[in-house]
Amino acid sequence: MSLHPGVPRDALSSLEARLSRAAGDLDLHGRALGAYLGLAVGDALGATVEFMTPGEIRARHGVHDRIIGGGWLRLRPGAITDDTAMSLALGRAILQVGVVEARAAAEAFSAWMRTRPPDIGNTVRRGILRYRRTGETETPFNEQDAGNGACMRVLPAALATLGRPPPAMAAACRRQARVTHHHPLSDAGTLCVARMVQQALAGAGRRELIHGPVAELVRVHPAFRFRTRREENPSPFIVHTLRAVFQAVFDSDGFEDCLVDVVNRGGDADTTGAIAGMIAGALHGAGAIPARWSDALDPGVRREIQWQTPRLLQLAGAREGMDRD
């Protein structure tokens, strides 16, 4: 059943026709599903080695390239962390109200926190508790809020605003972000990743991404420049996170190489894996994700991703149809 009765049924196909410049047989849905599954797979793969150093990873795993659970959270194989869980919560909120709305996102994040998740960042926890206490959906600026927690969950907002004018898309990304994070570096990094995903969904390659959204990010915020040295053991600071992600995305040959590269750097490996996974998944499509990884993913998570993805795209198509009218 359509989420928006009365919106022309061909809205999504119109959006896909306008955006799809993909090479070969990669279509919009395949790239979007690759981004969402890539996020979850990168999260599950990286969780095993989160907060380990590269040397510790080599000593214990050699090259870590299997979804086996464990890690400091002692996860079962295929389990995900807050990166994917918050993304799914945001996706449900967007689909429930039909737009990227701050209050719906805040309520979804609050409900998720009530499940007592095994992993939740301090900034995220503080923002949700503030929302519960005050009802305000935008946390005040905080010098300590330049973490990666808003960026790791931005994918559903990127899918739902595909084809929207850039200012509207940027505002939607900030609405979900500032429930918990309010810092120029967090805002900029989150928007850059959303733009990279959207351009990759439209068929852009790595060259276009590096000379487009990434170059613009580095121009405005030079701290994100990433070619000077290899970013090892990246912290949750958005700058460290994205420098590692950019290096892995632009220096690897495909989806699998990208994710193995980034998670074996250690540090905040579930989040670097999740962000790299959503970008690489959008670039290469769902078919590029190794079956041993997608099959190992928690079945409930995989089913919800497969359910949300076309509906978020349908919402984007419906919104574009209304914008044209």
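Quick note: the coordinates plus some simple rules give every number you see, no bench work behind them. What you see is a predicted model; the values in this text were computed from it and never measured. Every residue, glycine among them, receives a Cβ derived from its backbone with ideal geometry; neighbour counts consider all protein chains shown.
Just name one of 237, 147, 123: the one whose Cα is farthest towards the positive end of the charge dipole of the stretch 19-324 (beta-carbon charges, Lys/Arg +1, Asp/Glu -1).
Final value for the positive-end residue is 123.
Any chance you could run the full-extension gain for residue 303 through residue 251? It's 0.36 nm times the residue separation minus the Cα-Cα distance, nm to one decimal.
Length difference between fully extended and current span is 15.6 nm.
Given contacts defined as C-alpha pairs under 8 Å and at least six residues apart, what's the relative contact order of the stretch 49-102, whole-number percent?
Relative contact order for the stretch 49-102 comes out at 19 percent.
222 nm [θ] for the chain, helices only, -39500 (n - 2.57) per DSSP H run of 4+, per residue, to 500?
It lands at -18500 deg cm²/dmol.
Looking at the chain, do any whole DSSP H helices span at least 15 angstrom along their long axis by alpha carbon and average -1.0 or above on Kyte-Doolittle, and which?
Qualifying helices, which must be both long enough and hydrophobic enough, are 28-47, 82-97, 102-114, 166-177, 184-201, 238-251, 269-284, 299-324.
To the nearest 0.05, how large is the calculated FRET efficiency for residue 295 and residue 143 if R₀ is 30 Å and r is the Cβ-Cβ distance?
The calculated FRET efficiency here is 0.10.
With a/c under 1.5 counting as rounded, go ahead and sort the stretch 92-181 into rounded, prolate or oblate using the C-alpha gyration tensor (a ≥ b ≥ c being the square roots of the eigenvalues; past the cut-off, prolate if a/b is larger than b/c, else oblate).
Prolate shape, in that a/c is at least 1.5 and a/b is the bigger ratio.
Label the stretch 191-325 by shape, choosing from rounded, prolate and oblate, from the square roots a ≥ b ≥ c of the eigenvalues of the Cα gyration tensor; if a/c is under 1.5 it is rounded, and otherwise prolate applies when a/b is larger than b/c, oblate when it is not.
Oblate, because a/c is 1.5 or more while a/b does not exceed b/c.
Say the dipole of the stretch 19-324 comes from +1 at the beta carbon of Lys and Arg and -1 at that of Asp and Glu; which of 291, 267, 183 then lies farthest toward its positive end?
183
Tally Lys and Arg at +1 and Asp and Glu at -1 over the other residues with C-beta under 13 Å from the C-beta of residue 85: what net charge comes out?
Summing Lys/Arg as +1 and Asp/Glu as -1 gives -3.
Just subtract the alpha-carbon distance of residue 66 and residue 53 from 0.36 nm times their residue separation and send over the number in nm, one decimal.
2.9 nm
Could you point to the label whose value was computed as volume of the Cα convex hull per residue in Å³ for the structure here, given (i) 110; (ii) 124; (iii) 140?
Correct label, based on the coordinates given: (ii).
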